[in-house]
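Peer 1: Quick one: the structure is below, and I'll ask about it shortly.
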Amino acid sequence: MRTRAAVAVAAGQPLEVMEVNLDGPKAGEVLVEVKATGLCHTDEFTRSGDDPEGIFPAILGHEGAGIVIEVGEGVTSLEVGDHVIPLYTPECRECEYCLNPKTNLCQKVRATQGQGLLPDATTRFSMLDGTPIYHYMGCSTFSNHTVVPEIALAKVRKDAPFDKICYIGCGVTTGIGAVINTAKVEIGSRGIVFGLGGIGLNVIQGLRLAGADQIVGVDLNDGKIEMARHFGMTDFVNPSKVEGDLVAHLVDLTGGGADYTFDATGNVQVMRAALESAHKGWGESIIIGVAPAGAEIATRPFQLVTGRVWRGTAFGGARGRTDVPKIVDWYMDGKIEIDPMITHKLTLDEINHGFDLMHKGESIRAVVEF
Ligand code: NAD
Ligand code: AHE
Ligand code: ZN
Ligand code: ZN
C-alpha cells in the first residue's frame, strides 16, 4: 500500500512529508493506522544527528495511538479494529528480561529494532523509487500507517481519545513510571525534578500521585512555572537566577537534599547536579534524559560512597502490554491529567513547526493528528 509519512532523510535536515510504500504485515506483525502521534525530545535527538543509533532515511515517531487494520499470520492477541498504542519497549513475556521482575527491557527484538528493521531484519517502508526507509524504535508513528510486531502493541479501550492517549506511548508513562516503578517513591518524600518539559511534568504529576510532600522543579525557562504548579510543583528554581552554587541551594531548600531527584533534560552537567542534590545516606537520582553521542557523566565517587544512588529508567520501567492499558484507564478515570500538556495540535504537513516549538520552549507536547 501507499501511505503518507514524514521522512527523516538525513541527520540535521527537516523532515520531508511524502508518499511512501508500505508492505503488509508478515508473521507476528500488525498493520496499524496511526491516528495521532506526539513529538518527544528523543525524536529531535535522533533527527538532529545526536543519536549514536541514528540511521537514515527513517520514519521517526514513537508516541502514537491508532487502530489495527490487518494482522499477520500467527497473531493471536489482536484483531482488526482494536485500538492500540505502539511500544518502543515491547513485552514478549518469555525472554530472559521479561521473566526477570527487576527490568522492563524486553530484548526479544532489540537487536533488529536498533538497526531500524523489523524482527526478520527487513524494512516494510520504501520510497516510491524503491529506496528502503528504516523503522525507528520499532514504532515509526510519523506515518499514517505503520507495521509493528505484535509484542510491541498495547491493546487499549476504544472510548479513549487518540489525540491524548498517544502521549502515554512515551512521555506520560516515562515520567509517572520513573516515580512509581523505578524510584518507588514513598508518601512524604521530597523530590527534585530537573527539566519541566513533556517528561518532567509527568514526573511531577507522578510525585504528587505518590504523595510527595515537597516537589521542587528546576528549569532555565520561567515559562514552565505555571504548568508545573498545576501538576503539583511546590517550589521552583531557575538555575540562571541562583546566586552561588545550584547544588548547595537545592540541598538547603530540601533540608539536606532530596529523597529522590530526576534528570529530564539529557544534559550530563544537570545529571551531576541531580545526583549531588540527593540526600546523603539515602538519596536516589534517576536519569531519564537521553544524552548525545560521546557525552559522559561524572561525579566524585565519594558521592556514592556516602550513600547516594545513581539509577536510570527507560519507558519509566513500564511493561507496556500490561501497564499501558492501566494508565489509559487512570486517564479516563481522572486519576491523571493529560489534556493541559497537549499544548499544540498539528497536521502532518506542519510537523517541522512542532520541532521549532520544542526548541523555543513554547510547547509541552505538540501532537500530530492524521
Ligand atoms: P522537552 O524539550 O519537552 O523538555 C526539556 C526541558 O528541560 C525544557 O523545559 C528545558 O527548558 C529544560 N532544560 C534544558 N536544559 C536545562 C538545564 N540545563 N537546566 C534545567 N532545565 C533545562 O523534552 P522532553 O520530551 O521532556 O524530554 C526530556 C528528556 O528525556 C530528553 O533527553 C528525552 O530524550 C528524554 N526521554 C527519555 C526517556 C526514557 O525512557 N529514558 C523517555 C522520553 C524522553
Ligand atoms: N539510541 C540512544 C539511546 C536512546 C534511549 O535511551 N532511548 C530510551 C527511550 S527514549 C524515549 O523517548 C530507551 O528506552 N532506551 C532503551 C533502549 O533499549 O533503547 C543511544 O544512546 O544509543
Ligand atoms: Zn519519547
Ligand atoms: Zn521479552
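The values are calculated or read from the model by the stated rules, or taken from the named source; none is laboratory data. Remember, predicted model here, so these are calculated numbers, not experimental data. Don't worry about glycine lacking a Cβ; one is built from the backbone with ideal geometry, like all the others, and counts go over all protein chains shown.
Peer 1: Looking only at segment 85-102, which residues are within 16 Å of ligand 2 (Cβ to nearest atom) and in contact (Cβ under 8 Å) with a residue 60 or more places away in the chain?
Peer 2: Correct list: 85, 86, 87, 88, 89, 90, 91, 98.
Peer 1: Now, a different point. Given the conditions (1) more than 14 Å from ligand 1 (Cβ to nearest atom); (2) in the same structural domain as residue 278 (by TED's automatic domain parsing); (3) of a type outside the set (Ser, Thr, Tyr), which single one is not true for residue 224?
Peer 2: (1)
Peer 1: A further question on this structure: What helices (runs of 4 or more DSSP H) completely inside segment 283-370 contain at least 1 residues that are outside the structural domain of residue 6 (by TED's automatic domain parsing) and farther than 26 Å from residue 186 by Cβ?
Peer 2: Answer list for segment 283-370: 301-305, 320-332.
Peer 1: Could you name every one of the strands (runs of 3 or more DSSP E) located completely within segment 5-81 that has at least 1 residues being within 15 Å of ligand 1 (Cβ to nearest atom) and either on the phi > 0 side of the Ramachandran plot or not assigned by TED's automatic domain parsing to the domain that holds residue 290 (or both)?
Peer 2: Because the criterion is at least 1 residues that are within 15 Å of ligand 1 (Cβ to nearest atom) and either on the phi > 0 side of the Ramachandran plot or not assigned by TED's automatic domain parsing to the domain that holds residue 290 (or both), the strands (runs of 3 or more DSSP E) in segment 5-81 that meet it are 29-38, 64-71.
Peer 1: Something else now. Does residue 99 meet the test of being hydrophobic (A, V, I, L, M, F, W, C), modelled with pLDDT of 95 or more, closer than 23 Å to residue 180 by Cα and within 16 Å of ligand 3 (Cβ to nearest atom)?
Peer 2: Taking the combined requirement at face value, the residue does not satisfy it.
Peer 1: Quick one: residue 263 ticks every box in (1) away from ligand 3 (no atom under 16 Å from the Cβ); (2) under 21 Å from residue 295 (Cβ atoms) bar one, so which box is it?
Peer 2: Every condition holds for residue 263 apart from (1).
Peer 1: Could I ask something else about it? Inside segment 239-254, can you point out the residues that are part of a loop (DSSP other than H, G, I, E, B) and in contact with a strand residue (DSSP E or B) (Cβ under 9 Å, 6 or more places away or on another chain)?
Peer 2: Passing the criteria: only 254.
Peer 1: Give segment 91-140 a look and list any residue that's in a loop (DSSP other than H, G, I, E, B) and among the aromatic types (Phe, Trp, Tyr), or say none.
Peer 2: 97, 136
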